[in-house]
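All remarks here apply to the structure that follows.
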């Protein structure tokens, strides 16, 4: 029986994770849950899975306690301290890190330092502090198993092969809802249009990142740290069907790909059960119905966010932190209709250009730059 701690239980990854736990009750038990302010769904999860500890957003603990059935024994904590408390529960063996954004960094790092294996869906951890996170994982001897479909695919395609034989990693992107949308009309894109993803069911922030291709840029940075591969060996291809999740090319010209139906339960189950595979309840690819598999290069002029990510990781000096923070603020402003869609990468680029690059040696340094970037992005959004 493996005891799971789930950070971000009410999000799309969290809900899919709990579906897998529910399907394999003989293998997994939920030790702790952490969520934000979706208290109604969280209450249902607590009643069904009976975790010992639950963390909620700052200021919601008292309200949530009142929502629980009388006599239910569960510890309710809140805020950043609550997240770290749940992430480091002594009996938690694996922490599923599926919080969205920079909020996931500190609890994930705390879990690593507490010796927990990590099933990682929070790519921002590695974008912001990849070197720190991977060094801590190595020091503690724990495994970081990727949940992102692309990184899970890379992980699977690398097994049994020598890294020295690797020529390149190819991450695939669906292209989002605006793959064939005229570039001159990108300024007319509304949140409602951008939130309709053609293949995946995701949270709002990740869906907007997919529409701008920033999600793929963040994944390039994540792959660089996760697999210790130079950025110039990581490429992005557009693949509208979302059947091929990644390809690995070796120096002899061999290409190894991982394909599956676009359902996040597949990579989640692999991370939970590694090195085993589970007969997870997910749709299967019908190879006879797939037809032609389309792969093409991304339109970098139409989707400049991708090049901004490459610039950030290539130049370093704290720019990945700036990129991530400015993107989070810009996406939220777009969802609130304070910023136009095409102004998301414009804002990020301006914040990056205004940053004096320097080496970030500590988490405190990283958090300081994160805060500066958010304030700078907000200033620029107000100026628009």
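Residue 84 - would you say it is under 24 Å from residue 12 (Cβ atoms), in contact with a helix residue (DSSP H, G or I) (Cβ under 6 Å, 6 or more places away or on another chain), surrounded by fewer than 24 Cβ atoms within 10 Å (Cβ to Cβ) and assigned by TED's automatic domain parsing to the domain that holds residue 19? Lay out the reasoning, then the answer.
Details: under 24 Å from residue 12 (Cβ atoms): yes; in contact with a helix residue (DSSP H, G or I) (Cβ under 6 Å, 6 or more places away or on another chain): yes; surrounded by fewer than 24 Cβ atoms within 10 Å (Cβ to Cβ): yes; assigned by TED's automatic domain parsing to the domain that holds residue 19: yes.
Yes, satisfied.
The residue list 269, 281 contains one member that is outside the structural domain of residue 208 (by TED's automatic domain parsing), touching a residue at least 60 places away in the same chain (Cβ under 8 Å) and part of a helix (DSSP H, G or I), which is 269. Is at least one residue of region 157-178 touching a strand residue (DSSP E or B) at 6+ places or on another chain (Cβ under 9 Å) and modelled with pLDDT under 95? Yes, that holds for at least one residue.
Candidates are the residues of region 223-255 that are part of a helix (DSSP H, G or I) and out of contact with any strand residue (DSSP E or B) (no Cβ under 8 Å at 6 or more places or on another chain); the one that is surrounded by the fewest Cβ atoms within 10 Å (Cβ to Cβ) is 232. Going by the conditions given, is residue 197 buried (at least 21 other Cβ atoms within 10 Å of the Cβ) and either touching a strand residue (DSSP E or B) at 6+ places or on another chain (Cβ under 6 Å) or touching a residue at least 12 places away in the same chain (Cβ under 8 Å) (or both)? Considered against the rule, which asks whether it is buried (at least 21 other Cβ atoms within 10 Å of the Cβ) and either touching a strand residue (DSSP E or B) at 6+ places or on another chain (Cβ under 6 Å) or touching a residue at least 12 places away in the same chain (Cβ under 8 Å) (or both), residue 197 comes out as no. Put simply, of 55, 102, 78 the only residue that is at pLDDT below 95, in contact with a helix residue (DSSP H, G or I) (Cβ under 9 Å, 6 or more places away or on another chain) and crowded, with 17+ Cβ neighbours inside 10 Å is 102. Applying the set (1) without any contact (Cβ under 8 Å) to a residue 40 or more places away in the chain; (2) under 23 Å from residue 283 (Cα atoms); (3) out of contact with any helix residue (DSSP H, G or I) (no Cβ under 9 Å at 6 or more places or on another chain) to residue 255 leaves exactly one unmet item: (2). Counting only residues that are farther than 19 Å from residue 125 by Cα and crowded, with 17+ Cβ neighbours inside 10 Å, region 260-271 holds 8 of them.
Go through the residues of region 278-285 one by one and say whether even a single one is out of contact with any strand residue (DSSP E or B) (no Cβ under 9 Å at 6 or more places or on another chain) and buried (at least 21 other Cβ atoms within 10 Å of the Cβ).
Quick first cut of region 278-285, residues out of contact with any strand residue (DSSP E or B) (no Cβ under 9 Å at 6 or more places or on another chain) only: 278-284.
Pick out the ones that are also buried (at least 21 other Cβ atoms within 10 Å of the Cβ) and you get none.
Scanning region 278-285 turns up no residue that is out of contact with any strand residue (DSSP E or B) (no Cβ under 9 Å at 6 or more places or on another chain) and buried (at least 21 other Cβ atoms within 10 Å of the Cβ).
Considering 19, 50, the condition of being touching a helix residue (DSSP H, G or I) at 6+ places or on another chain (Cβ under 7 Å) and farther than 23 Å from residue 124 by Cα is satisfied by 19 alone. Restricting attention to region 35-88 and to residues that are within 22 Å of the chain's Cα centre (by Cα) and assigned to a loop (DSSP other than H, G, I, E, B), the residue that is nearest to residue 3 (Cα to Cα) turns out to be 88. Considering every residue within region 302-314, establish whether at least one is over 22 Å from the mean Cα position of the chain (by Cα) and over 30 Å from residue 22 (Cβ atoms). Yes: one or more hits. Residues that are without any contact (Cβ under 8 Å) to a residue 24 or more places away in the chain and outside the structural domain of residue 18 (by TED's automatic domain parsing): does region 310-330 have at least one? Looking for residues that are without any contact (Cβ under 8 Å) to a residue 24 or more places away in the chain and outside the structural domain of residue 18 (by TED's automatic domain parsing), one finds none in region 310-330, hence no. Restricting 138, 116 to those that are under 30 Å from residue 85 (Cα atoms) and free of Cβ contacts under 8 Å to residues at least 24 places away in the same chain reduces the list to 138.
When the helices (runs of 4 or more DSSP H) confined to region 93-211 are screened for residues that are assigned by TED's automatic domain parsing to the domain that holds residue 331 and more than 19 Å from the chain's Cα centre (by Cα), those reaching at least 2 such residues are found at 149-158, 191-194.
The values are calculated or read from the model by the stated rules, or taken from the named source; none is laboratory data. Predicted model only: the values in this text are computed from it and were never measured. Note that each Cβ is placed from the backbone with ideal geometry, even for glycine, and that neighbours are counted across all protein chains shown.
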